[in-house]
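Everything below concerns the one structure shown next.
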Amino acid sequence: MSLVLYNTFTRQKELFEPLDPAHVRLYVCGPTVYDFAHIGNARPYVIFDVLSRLLRSLYPRVSYVRNITDIDDKIIKAAQEKGEEISQLTARTAQYFRDDMKALGNIPPDIEPHATAHVDEMIAMIQTLIKKGHAYESDGHVLFSVKSFPPYGQLSHCNHEEMIAGARVEVASYKKDPEDFILWKPSDAEIYSQHFEACPRESGELDPRLRGDKTRKAKSIPGWDSPWGYGRPGWHIECSAMSLKYLGETFDIHGGGHDLIFPHHENELAQSQACFGPHTFARTWIHNGMLTVGGEKMSKSLGNFRTVHELLAQMPGELIRFILLSSHYRQPLDWNDQVVLQGRGSLDRLYNALRGRIIDEAASPTEPLKAAIDDDLNTPLAISVLHDIASRLHKASSASEKDQLASQLKASGVCLGLLQQDADSWFKGAVKIDEETIRASIDERNRARKEKNFAQADRVRDDLLRQGIILEDSAQGTIWRR
């Protein structure tokens, strides 16, 4: 095995050596489900889908865990703004996410735990932290004491002062130190209405949605009974508890976006090692670079916010996937019209090489492509290998050689989750007019050309083009594509 991965913890490439070669374990931070996932959210899931595919090709068993965060202040606020129950919002949005990821060609994770189903595990972990002197209770909250854990900052490679300066640290009366982070918080209607201005007050009264007994509170402000009162977990404790349950105290790889290094992953690492000792938790940390749109950070106020759901209405999911893989995962990626056009052209060229060929389903990926992915998931180099195969196919002199190269091209595409649909289906895709109408127009154009009525032939071609249909003439006849 020669898989090499860049480890954020050590800041260098390392030969990947799993704890147990018979069972590789991977954890990736999943979505917070209150709205459609944007294109930046999708990038890590495509990257880690490629990694999971690679690991499955190298090892007999892989456990890929990706959680669903279905309790969070953003979720509570969104549910109140929409006037619906949190469970309805999260169930619907989680399904949107799964549908979008499927459309991008991602294989579902082996385990998809929901945070709300693992609160008992979180409470148990918090109790251990308190018992070991790494956490304390204050005013209904439980907080992790950063100063109790000297290695804090080992992942982000920052000291305490730098981390406080670089993050929006909440200053609160219940904290011993500003950098301490919440493990548990009270689900109290009074506190909640003060925290969110979206909960209006009239004549000093709470929003009517927040009045009532504990049962009603549980619907408006989710909570669970705990040794510290009725409340809910902080964000960071979720992944530590769920990875512990499904992967153990120590596992092979933890992944996510670069923006999660601090504070989320730093806090996960601290609380997990505070529980179970040094050298536990994830051995390799992998983080993907950030995505911008038109050179700027995505923002609804700038009008450049792109959700996967929106983009799927404009282009095939495979094209989105191809673009997300066209840049090395650790580098930033800018989403713009030019990369979309380039991506479409590249995929058209690769699918064109497969068109009309006899595919051997038993073919294997080419060694140069496997070597590219083995080298820290170098997907741009892997894509260039695909184009090299396509070039050799076009230059091949015999049909059997072309078929052999086409089979190798399709088998190599599996490693990236690309080129797996029928070539004609890719080119034709979803069109607004039916194929029978298109064929009738092609026949009309052919008759006009035969009669040397080239003006009419051009009118038919241009009319189809306005409807998104391109005609291509060849020795075998006229074919069409989107």
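The values are calculated or read from the model by the stated rules, or taken from the named source; none is laboratory data. Predicted, not measured: the structure shown is a model, and the values here were computed from it. Counting neighbours? That spans all protein chains shown, and the Cβs are built from the backbone with ideal geometry, glycine included. What goes into the accessible areas is simple: the full protein's heavy atoms, side chains included, and nothing from ligands, DNA or RNA. Shrake-Rupley method; radii C 1.70, N 1.55, O 1.52, S 1.80 Å.
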How about region 1-76: which strands (runs of 3 or more DSSP E) wholly inside it have at least 1 residues that are basic (Lys, Arg)?
12-15, 24-28, 62-66
Under the condition of being without any contact (Cβ under 8 Å) to a residue 60 or more places away in the chain and open to solvent by less than 20 Å² (accessible area, probe 1.4 Å), which residue from region 41-58 is farthest from Glu112 (Cα to Cα)?
Leu55
Looking at region 312-335, I want the residues that are in a strand (DSSP E or B) and have a partner that is surrounded by fewer than 18 Cβ atoms within 10 Å (Cβ to Cβ) with Cβ atoms under 6 Å, at least 6 apart or on another chain. Which pairs are those?
Asp334/Thr292; Asp334/Gly295
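Yes/no matrix, rows are residues, columns are (1) closer than 30 Å to Val24 by Cα; (2) at pLDDT 95 or above; (3) surrounded by 20 or more Cβ atoms within 10 Å (Cβ to Cβ):
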site	(1), (2), (3)
Pro108	yes, yes, no
His114	yes, yes, no
Ala117	yes, yes, no
Lys131	no, yes, no
Val142	no, yes, yes
Condition first: surrounded by 19 or more Cβ atoms within 10 Å (Cβ to Cβ) and among the hydroxyl-bearing types (Ser, Thr, Tyr). Can you find one or more residues in region 380-390 that meet it?
no
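Does region 309-317 contain at least one residue that is under 19 Å from Leu386 (Cβ atoms) and either at pLDDT 95 or above or open to solvent by less than 50 Å² (accessible area, probe 1.4 Å) (or both)?
Checking region 309-317: at least one residue is under 19 Å from Leu386 (Cβ atoms) and either at pLDDT 95 or above or open to solvent by less than 50 Å² (accessible area, probe 1.4 Å) (or both).
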Only residues that are buried (at least 18 other Cβ atoms within 10 Å of the Cβ) and of a type in the set (Ser, Thr, Tyr): list them for region 217-245, please.
Ser220, Ser226, Ser240, Ser243
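Evaluate the following for Thr116: is it touching a Cys at 6+ places or on another chain (Cβ under 6 Å) and farther than 14 Å from Ile182 by Cβ?
Numbers: touching a Cys at 6+ places or on another chain (Cβ under 6 Å): no; farther than 14 Å from Ile182 by Cβ: yes.
Against the criterion (touching a Cys at 6+ places or on another chain (Cβ under 6 Å) and farther than 14 Å from Ile182 by Cβ), Thr116 does not qualify.
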